[in-house]
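Report on one structure; see the data block that follows.
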Amino acid sequence: MIFPVEQTLAAGVMVREPSGIDAVPGRFTGWVPGDVPGERIDEDIPLAALGSLQWRP
């Protein structure tokens, strides 16, 4: 899923500043709650924030 920042913000989603922890040195296969300091996903993301879908096997 591609969420363009401008479109995401216009949909009312708060976006944090990127940090060095966002650079993953390998394939990221899962999200662990609390694994990223300051990361909070506390509600559904509105469909209006979605820019496009890409399939990358």
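The values are calculated or read from the model by the stated rules, or taken from the named source; none is laboratory data. Everything quoted here is computed from the prediction, not taken from an experiment. Note: accessible area is taken over every heavy atom of the protein model, side chains too, but ligands, DNA and RNA are not part of it. Shrake-Rupley method; radii C 1.70, N 1.55, O 1.52, S 1.80 Å.
Exposure check, 1.4 Å probe, all protein chains in place: Glu6 carries approximately 140 Å² of accessible surface. Shown are Met1, Met14, whose ranking by accessible area with a 1.4 Å probe and every protein chain present, most to least, is Met14, Met1.
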